[in-house]
1. Considering B:Lys155, B:Lys166, which residue is in contact with a strand residue (DSSP E or B) (Cβ under 6 Å, 6 or more places away or on another chain), surrounded by fewer than 21 Cβ atoms within 10 Å (Cβ to Cβ) and of a type outside the set (A, V, I, L, M, F, W, C)?
2. Would you confirm, using the coordinates I've provided, whether B:Thr291 is more than 18 Å from the chain's Cα centre (by Cα), at pLDDT below 95 and open to solvent by less than 50 Å² (accessible area, probe 1.4 Å)?
3. What number of residues within region A:106-124 are more than 25 Å from B:Gly73 (Cα to Cα) and open to solvent by 10 Å² or more (accessible area, probe 1.4 Å)?
4. Can you tell me which residue among B:Ile174, B:Ile150, B:Ile139 is open to solvent by 20 Å² or more (accessible area, probe 1.4 Å) and of a type in the set (A, V, I, L, M, F, W, C)?
5. Cβ contacts < 7 Å: first residue among the small types (Gly, Ala, Ser), restricted to region A:351-366; second residue in a loop (DSSP other than H, G, I, E, B), any location; separation 6+ or different chain. Result?
6. From the list A:Gly73, A:Gly40, which one is of a type in the set (Gly, Ala, Ser) and within 25 Å of the chain's Cα centre (by Cα)?
7. Answer yes or no: is there a residue in region A:89-98 that is under 24 Å from B:Pro19 (Cα atoms), in contact with a Ser or Thr (Cβ under 7 Å, 6 or more places away or on another chain), small (Gly, Ala, Ser) and touching a residue at least 60 places away in the same chain (Cβ under 8 Å).
2 protein chains.
Amino acid sequence: MAKNKINTSVLSGFVELLPQSQFVFDTVKSIIENTYKNAGFVAIDTPTIEKSEVLFAKAGGETEKQVYRFTKGDNDLSLRFDLTVPFARYVADHYANLTFPFKRYQIGKVYRGERAQKGRYREFFQADIDIVAENNLSIMYDVEIISTIIQTISKLSSQFNLGNFKVKVSNRKIWDGFFKQFGFDDTKKVESVAIIDKRYKFKTEDDFKAELKEKIGDEKIFNLAMALLKIEYIPNVGISIPESHYNDFSFIKDNELMREGISELETVMKYLPLSNTEVDLSIVRGLDYYTGTVFETYLQNYPEFGSVSSGGRYEHLCDFYTDKIICGVGGSIGLSRLFIPLIEDGKIQIDTSMTDIVILPQNENCYTSAIKIKTELNEKVDAKVNVIFENKKFKKMMEYANKINAKFAIIIGDDELQNNTFTLKNMITGEQQTISSITLIKTITKTLNK
Amino acid sequence: MAKNKINTSVLSGFVELLPQSQFVFDTVKSIIENTYKNAGFVAIDTPTIEKSEVLFAKAGGETEKQVYRFTKGDNDLSLRFDLTVPFARYVADHYANLTFPFKRYQIGKVYRGERAQKGRYREFFQADIDIVAENNLSIMYDVEIISTIIQTISKLSSQFNLGNFKVKVSNRKIWDGFFKQFGFDDTKKVESVAIIDKRYKFKTEDDFKAELKEKIGDEKIFNLAMALLKIEYIPNVGISIPESHYNDFSFIKDNELMREGISELETVMKYLPLSNTEVDLSIVRGLDYYTGTVFETYLQNYPEFGSVSSGGRYEHLCDFYTDKIICGVGGSIGLSRLFIPLIEDGKIQIDTSMTDIVILPQNENCYTSAIKIKTELNEKVDAKVNVIFENKKFKKMMEYANKINAKFAIIIGDDELQNNTFTLKNMITGEQQTISSITLIKTITKTLNK
């Protein structure tokens, strides 16, 4: 920082990238966006600023403390802290003009004044998909949300070499029915489920077991809960309870919630690709608005990121805003949390360059020709074309072309001008040829479309 | 609004679009982005929230009053009101890691708490391009900025049928040199130039003349100023002063600022397409940071929008943040101000649909087949594919397909399932055929790529 000058660093917890990293991040974002779009979701955009009464209709506690809230004139305003609450308001507000089932995606920045730490940002992108309808919505849309997430992460993983991942799927109704069966009140149920939700955050499985056992109190119920945590999905068979406990669970046939939960989970698993999914009843999802299917996604090679995409089924999305019963299912990819550290640590690379072609006129006489060939390239080829008017030595210009990673350099000097030609240098192979504009465009098109 | 529910309308001065309108707006945005990118500009993104001391280093008066400013913890924060100040901070902060000339684009939301009125939003998108370098920058980059703006607006105009447009170009040095010649002090100069800047906002040209004459005071100088307003660019000749005043302007040969300004304007005009540009010395641009070339852009069919794109040359961009001398030239398209009213008034249409293909399984038995063909389409065709699990009557499903404007419907019933076929209906021609998945994908690809 220079003397007497204003400090130019971004605020703590905020992030901005150098152009090359920004280019990688934007590529990630556009892969997500295209996959969402081709999966049948349509974009919406909502204001970053909302009335505080809208955002805090449901939120409370931790969330409310983190929000950027302020007044302007008479208005009590807040920056959105997620994309779900604004979506609920949007659906309520535009209800009459939407076609249901309404499938929307939204990729945008959200704001939380959390304590700054690596991978936790105060401004970050979320990429959400949701499917909503009035009164009821087929369980098949739970399948659709999870398969779109799988499609998207598969693409990102193959493009950026992220390795295998698993979506862990569960259904809230199973635990709800289970604890109801044994007469747990709401508080005890919520506390027990909260321990299950944190299973993988305990130092050891024994620590987890000890805490769960203490909370549940009854050894028999605890044992049943542990057995329930072992259920899995077997193709062509369905959800299977460990054989040793088969008789202990005979109560399920009269427990409607558990039956529903198991049947929904079975349907969801039936239609999802087995290679990327597994049943795991320790997935509960902290947020209290989920009511059925819940899921989280883990990258095998990057356990430190925790879940990189999660979501689930909810009822009563818009209750604070309308009398209509809007239910839905959604999922979200936390792209900043995952990709900004990966990019900053140089863990992901990209083939495509920020510049395809750089045009280097060697003196002022060549400027008209440079502008003409640039215009022609922009009209005929979908390529990033940069032109430099620097009157520098040839060597300096080549250094610049290398620095910006151009794939081609087009050199125009007095000789080229006189012969109405261009010298085209392939910066990767080093090959160089002096050719007409027609041949130049053909050669570039051929190489770039490879 | 339902009883006892929270009001869901967006804040006054804010805007959100229905999905179909959002789709048009996003198309506009991506045309701008692709043109910028292919013209050699690279993307950056900066936080929406900045330290107030950064934003207000130069701003003052009206701007400062409009800003959304608030505190969080110990921090005095503000939402960015343009993309230029954050860019200046970015260049100063990342100076050592940038390659100059640095050409960046940034398309993002900015915030101004202006009085709400049609076409004036409190949250709106700007689409900026700038080229910056240290110490000096060829006048050819002024050409590049304006030609990129022309390229972009031409594309938008031909896509959305906006008609002709003109970029009006001027150079500040000409007026600076002119008023200096006659010994105007800074205040009188600024006030005279401000009147010239508002020329087209006066009710009549006579009103304008009267006010300018009064301000200038001296009739001879006033007449010269009026003559200067008539200068134009003649191809292969250059900037031409009205013949009747030729001798009155003989002082120019000793007025370095005016000579520089005229020579720069001549160079800029020489390389720009004449069909979309004209010299107009009434263009001054209010902001005081412009120092040379300035331009504004007008749509012939939509004079009510005023200038839809403007910009110019500036020196000392980063003086508040660094000792380096960073100079540059930039331009901006106010896409919200132009396109949101056009979209909301139904004045622009779009051919492409939000949905290319809708898959309609007719009962639960057909779900697996529906998911399979969707996956296959997503892998093999770049198309937006929606699948609906509704178990509704065929007629209802067709209504839905029509409502979402799908180009193709794929119907899967028991017959199709048994024969391992699909019924493909072209929703535009009404043509319907029952075919294998291979033929289906071929037919769709052929039609969509037309």
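1. Result: B:Lys166 is the single residue among B:Lys155, B:Lys166 that is in contact with a strand residue (DSSP E or B) (Cβ under 6 Å, 6 or more places away or on another chain), surrounded by fewer than 21 Cβ atoms within 10 Å (Cβ to Cβ) and of a type outside the set (A, V, I, L, M, F, W, C).
2. Here the answer is yes, as B:Thr291 does meet what is asked.
3. 1
4. Sole residue among the options that is open to solvent by 20 Å² or more (accessible area, probe 1.4 Å) and of a type in the set (A, V, I, L, M, F, W, C): B:Ile139.
5. These pairs meet every condition: A:Ser353/A:Asn405; A:Ser353/A:Ala406; A:Ser353/A:Lys407.
6. A:Gly40
7. yes
This table checks each residue for (1) more than 13 Å from chain A (Cβ to nearest Cβ); (2) buried (at least 16 other Cβ atoms within 10 Å of the Cβ); (3) among the aromatic types (Phe, Trp, Tyr).
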| position | (1), (2), (3) |
| --- | --- |
| B:Asn365 | no, no, no |
| B:Ser369 | no, yes, no |
| B:Phe389 | no, yes, yes |
| B:Asn402 | no, no, no |
| B:Ile411 | yes, yes, no |
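The values are calculated or read from the model by the stated rules, or taken from the named source; none is laboratory data. Small disclaimer: the values here were computed from a predicted structure and weren't measured. Note: ideal-geometry Cβ built from the backbone for every residue, glycine included; neighbour counts use all protein chains shown. Calculation scope for accessible area: heavy atoms of the full protein, side chains included, ligands and nucleic acids excluded. Shrake-Rupley method; radii C 1.70, N 1.55, O 1.52, S 1.80 Å.
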